[in-house]
1. In the range B:69-86, what residues are within 12 Å of the ligand (Cβ to nearest atom) and either under 15 Å from B:Thr201 (Cα atoms) or in a strand (DSSP E or B) (or both)?
2. Taking only pairs six or more apart or across chains, which ones have beta-carbon atoms under 9 Å, a first residue in the range A:422-435 that is under 14 Å from B:Ile202 (Cα atoms), and a second residue that is aromatic (Phe, Trp, Tyr) and assigned to a loop (DSSP other than H, G, I, E, B)?
3. Could you check A:Ala397 against (1) free of Cβ contacts under 8 Å to residues at least 60 places away in the same chain; (2) in a loop (DSSP other than H, G, I, E, B) and say which number it fails?
4. Residues being more than 16 Å from the ligand (Cβ to nearest atom) and within 14 Å of another protein chain (Cβ to nearest Cβ): count how many of those fall in the range B:351-374.
5. For the range A:33-141, which helices (runs of 4 or more DSSP H) that fit wholly inside it have 3 or more residues that are within 14 Å of chain B (Cβ to nearest Cβ)?
6. When the range B:384-428 is examined, which residues are found to be part of a loop (DSSP other than H, G, I, E, B) and more than 16 Å from the ligand (Cβ to nearest atom)?
7. Give me a count of the residues in the range A:116-131 that are more than 20 Å from the chain's Cα centre (by Cα) and either buried (at least 19 other Cβ atoms within 10 Å of the Cβ) or on the phi < 0 side of the Ramachandran plot (or both).
8. Evaluate the range B:445-468: report whether one residue or more is crowded, with 24+ Cβ neighbours inside 10 Å, assigned to a helix (DSSP H, G or I) and not assigned by TED's automatic domain parsing to the domain that holds B:Gly143.
Amino acid sequence: MKPLLSQITSIVGESYVIESPADYPAYAVQGRTPALVVAPGSAEELAHVVATAYAAGVAVVPRGGGTMQPWGHPPVGDFLVVQTTRLNRVRTYEPDDLTISVEAGMTMEYLDETLAPNGQMLPLDVPIPARSTIGGILATAMDGPRRLGYGTSRDLLIGVQVVEASGRTSKAGGMVVKNVSGFDMMKLYTGSLGSLAIIVSANFKLIPRARAAATIACAFGSQAAAFALARAIHESQLVPVAVEYLFGPHPQPLSLSGRGESTPPSPARGEGGWGGEGSLLVVRAEGLPAAVERHVRDVSAMAERAGASGVTVMRDAAHESVWEAINNLPQSALVDGDELLLRLSCLPASLERALADAESLAARHGLGMRVAARALSGLAYLRVRGDDAGAQRQFHADLLGRWTQLALLAGPPALKAEVPIWGTEIPNLSLVRRIKQEFDPENRLNPGRYVV
Amino acid sequence: MERTQLIEELRRIVGPRGVVDDPHALMTYDADGCVMDTGDPQVVVLPTSTAQVSGVVQLAARYGIPVVPRGAGTGLSGGATAMFGGIVISTARMDKVLEVDTRNGRVLCQPGVINYELSQQLKPYGYQFAPDPSSQKACTVGGNIANNSGGPHCLKYGITASHVYGVEMVLADGSVIWSGDGSPAAPGYDLTGVITGSEGTIGLMTAAWLKITRLPEAVRVVLALFPDIAGASSAVSQVIASGLLPAALEIMDRLAIKAVNDMYKLGLPESAGAALLIEVDGVEDGLDELLHDVTGICLRNGAIEVRPARTLAEQNQVWAARKNAFGAMGRLSPTYYLVDTVVPRTRLPYTMEQVGRISREFDLPIANVFHAGDGNLHPIILFDRRNKSQNQRALEAATSVMHVSIEQGGVISGEHGIGVEKQDYMTLLFSTDDLAAMAGLHQSFDPHDLFNPGKVFPKGRGCGELAALRKAGVAWAELKSS
Ligand SMILES: Cc1cc2nc3c(=O)[nH]c(=O)nc-3n(C[C@H](O)[C@H](O)[C@H](O)COP(=O)(O)OP(=O)(O)OC[C@H]3O[C@@H](n4cnc5c(N)ncnc54)[C@H](O)[C@@H]3O)c2cc1C
């Protein structure tokens, strides 16, 4: 590694290379220690680092805030960790255009703070925004509850710059909200888990912050009743921005956000059914004040009709902190040793059945389970907990037997090594391989971690 | 391969009625809506099934004959034109809506379904297909996906790419894939995303699962009249900047108004230099407040009048005028050249000023009808094709518009695609490395350039050549790091 170390040090400077990563366990990727950790200070430096590693035959693992490094398999072979967090600048922001271009190492929280004074937002609702970086959010295509109203990063990303496996820099898209100039490479890189290129900057279409917002949290005695409400909303002409199904202990905003505010902004325990356990359907309305009030009225009434055991309406700080807690549920950074984080994807109308299966399997295997599901989009995150590894394995196998698109995003290494962590059905694998081959023929980017 | 033998084999695959080889009949396929570029196919086939498409593609692949997918041929960038001859595969006979699945918010259709027909069929269910190009009464959903088309309502609902869950596609070896079905997080790469907007260059779509959108509870339409286009453009810029989100914001200028005023009995005054069509939709509650805010901005920007379209009939009339405005240009001039470009929305007023300057400089009238809310301009250069000088000036004026737009941070196409028309502008936006990455993606689908060859990438810069350049990455890396 000596010549590589000195080459890389000469690119980024001594202070930004960790020579002995073994001393810094936080940089290990699922237990594998990198040869070096490098933190380039610019896209150019990053490209130079990647080109140098490429010439030396060493693989590269891109890293943002590290919150989603548990995803996928551990990397194979020798690798460098290329840390993007110094790439944290705004490149262009013209608020009146409602677009922004930022470097990929910027955290979501920082981006939020940049946009807020102008009444704008990028409503991706990712977990742990203080650490999650734009690059990581795009590479994992992590979604959030408000995908229902605003779409995902796929819909909001309008331009991108990447460093490819060989160190070559390329870009696509632009800084306008509508653009068909050339192929949509943004879609290719989004969700490719760093296996095709390293995202170094991203341009987004922004959304104006709503003038009013409210949460209608509806507690139910059964999953079926909660989904009956979800269906009624789907059939109506209401336009909520999020309809989230939750199961398990209701999220406790304060303990999760860790802000330690003195007065809990969340509703008191037991009030309107919030604060206990079981099935909740949480609806988020945003927009003009009159439209939000209409949603509060109609959803509350529909919930009563669906047999809700309690309806809690939240606004302002309570509203904000409840969603912060919900957004954090699928986080993979702080998974405990006895916990699995799973992502189940299916057609929206099948979600109820899938979750019924998951709930009964968890009960049968004596496992605790929390669910955060985008009730109208067919996507659920499950946190499954229990000290019996055999029971967890059996739960996973049984659920996978019924639902093929089940990704094990985080969990005990032994289990991950053994099961198909991306599910049993990877569509169009040969085409996916050809793309990987075209973009990274030597398999240098996140080798072994994704589906190819 | 002999043409007669080819035609015979094609007949065997698609049946005698599915092959067009009569030279007169073939002439209608020599161009799409962009008459600047023409090319004759050897033969046109009209398959009725995926299996037939696959058979035709395998035959073409075996003999190295180009395959050009074609929907309704309303494209405006030469995308469906056979620049190098070959087989045009028309989806005209694959025009069935196969399944409406409201529970999953999706519809399964064949590619030749007409955009407007689809929304008509969804209406009884209380749904629509949101992308609504002005050509929607003619264009196909296959063409919409291939071009990632836009439309007035994309301001609020997003472009076609946000409304496609998955497509069935015949690849260059005749194999058939499904890229998705509406399940949101299938593992792998987002093939649906990269297929959308690929302009028929990587495969032929034979079916699609499209996202359907619930019809809004309430809709309001108003027409704000301005003395000139500057006022209308700055009103649009300010509406966007102030965070209001109408469903559509469309501008028509004086010439466009002149073209549609009588035809659609709009009764707009001569003094109107520009009309801004505003639509807001959603739940009833709050809509008037939103509209009030938007029209307030119009009035502060010098609007002389704000006319609500009170009845559904009035709304339809205003929209018909807007959507048929290109067609109405025939009343003003024998030919027109429609330029498609997008600028950041704050640059709209300045760019429109420059379009006016270009019109004077090249001494050709330019009408404007466009998706203002997205910053998507459509200067329509009016000229007579038979007049050589006008022809030349029209081309030069278009190039000037493009340069102004790029200088303002704009791009070369917002919705009509690159096709043949814009391919040589690609280098104004993209470096060789940028193009090489796109070529790499293209090659992984269609390594022998079977589908729609000679499109999108700059002339003389073949996809294969670009991709090869990129494959030589090792040498490049050494060069850069030394
Ligand atoms: C009056 C007028 C108004 C218009 N208004 C708008 C507008 O508001 N917004 C907008 O975006 N566009 C607009 N257009 C442009 C055009 O209508 C759209 O691009 C439309 O989507 C093209 O559809 P089509 O069926 O006519 O496709 P075609 O013109 O036949 O083909 C377009 C491209 O798609 C490819 N293609 C077609 N079918 C398939 C398939 N099944 N598989 C693979 N590739 C395929 C073709 O090869 C070609 O590259 C307008 C055009 C006209 C003439």
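The values are calculated or read from the model by the stated rules, or taken from the named source; none is laboratory data. Only a predicted model underlies this, so the values are computations on that prediction, with no experimental measurement involved. When we count neighbours, we look across all protein chains shown, and the Cβ atoms used for this are built from the backbone with ideal geometry, even at glycine.
1. Selection gives B:Pro69, B:Arg70, B:Gly71, B:Gly75, B:Ser77, B:Gly78, B:Gly79, B:Ala80, B:Thr81, B:Ala82, B:Met83, B:Gly86.
2. A:Leu431/B:Tyr189; A:Ile435/B:Tyr189
3. Only one criterion is unmet by A:Ala397, namely (2).
4. Total meeting the criteria: 1.
5. Ranges flagged: A:43-56, A:134-140.
6. Just the residues of the range B:384-428 that are part of a loop (DSSP other than H, G, I, E, B), to begin with: B:384-387, B:408-410, B:412-422.
Those that are part of a loop (DSSP other than H, G, I, E, B) and more than 16 Å from the ligand (Cβ to nearest atom): B:Asp384, B:Arg385, B:Arg386, B:Asn387, B:Gln408, B:Gly409, B:Gly410.
7. Adding up the residues that qualify gives 4.
8. Among the residues of the range B:445-468, at least one is crowded, with 24+ Cβ neighbours inside 10 Å, assigned to a helix (DSSP H, G or I) and not assigned by TED's automatic domain parsing to the domain that holds B:Gly143, which makes the answer yes.
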